[in-house]
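The values are calculated or read from the model by the stated rules, or taken from the named source; none is laboratory data. Computed from a prediction, not measured in an experiment: that's the story for all the values here. Neighbour counts are summed over all protein chains in view; Cβ atoms, including those assigned to glycine, are modelled from backbone coordinates with ideal geometry. These accessible areas exclude ligands, DNA and RNA; they are computed on the full protein's heavy atoms, side chains included. Shrake-Rupley method; radii C 1.70, N 1.55, O 1.52, S 1.80 Å.
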Amino acid sequence: MGTFHDDRHELHGITVVVDTVGDEIFIGRCDDMHEQGVLLVDVDVHRDGEEGRSKGEYVARAAEFGIWKKFPRVLIPENHVASVRRLGDL
């Protein structure tokens, strides 16, 4: 269960995986989700094939070992978001 902020999305405070329609996938703590997109904090990003890993391989490794924060905040535009899942569910 996320934190209790009536003005934020129910995933606020939860580490999520945001897959995009492109080759990028993001993992970070959900700050909010709204019509502009998904706002994450303490974010890592992976591009499909980077370091020899697919998106799926990157997510599996992140679920096991965690991530390295590359960005303090990222807004992924709504039209680029393919899916949002809790990292803990993977």
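Taking the Cα centre of the range 4-90 as origin, sum charge times position over the Cβ atoms of Lys and Arg (+1) and Asp and Glu (-1), and report the length of that vector in debye to the nearest 20.
Roughly 260 debye for the range 4-90.
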Acute angle (nearest 10 degrees) that the helix 55-65 long axis makes with the longest principal axis of the chain, alpha-carbon atoms: 70 degrees
Segment E50-H34, extension gain: residue separation times 0.36 nm, minus the distance between their alpha carbons: 2.8 nm
Rough spin-label spacing in nm, given labels placed 7 Å along Cα→Cβ, for D23 and R73: 2.9 nm
Accessible carbon and sulfur surface of the chain relative to its total accessible area, %, 1.4 Å: 49 percent
Phi-based couplings in Hz for the range 74-82 (Karplus 6.51, -1.76, 1.60; Gly and Pro marked x): 9, 10, 9, x, 3, 6, 9, 7, 8
For peptides 74-86, 37-49, sequence by mean Cβ density within 10 Å, most packed first: 37-49, 74-86
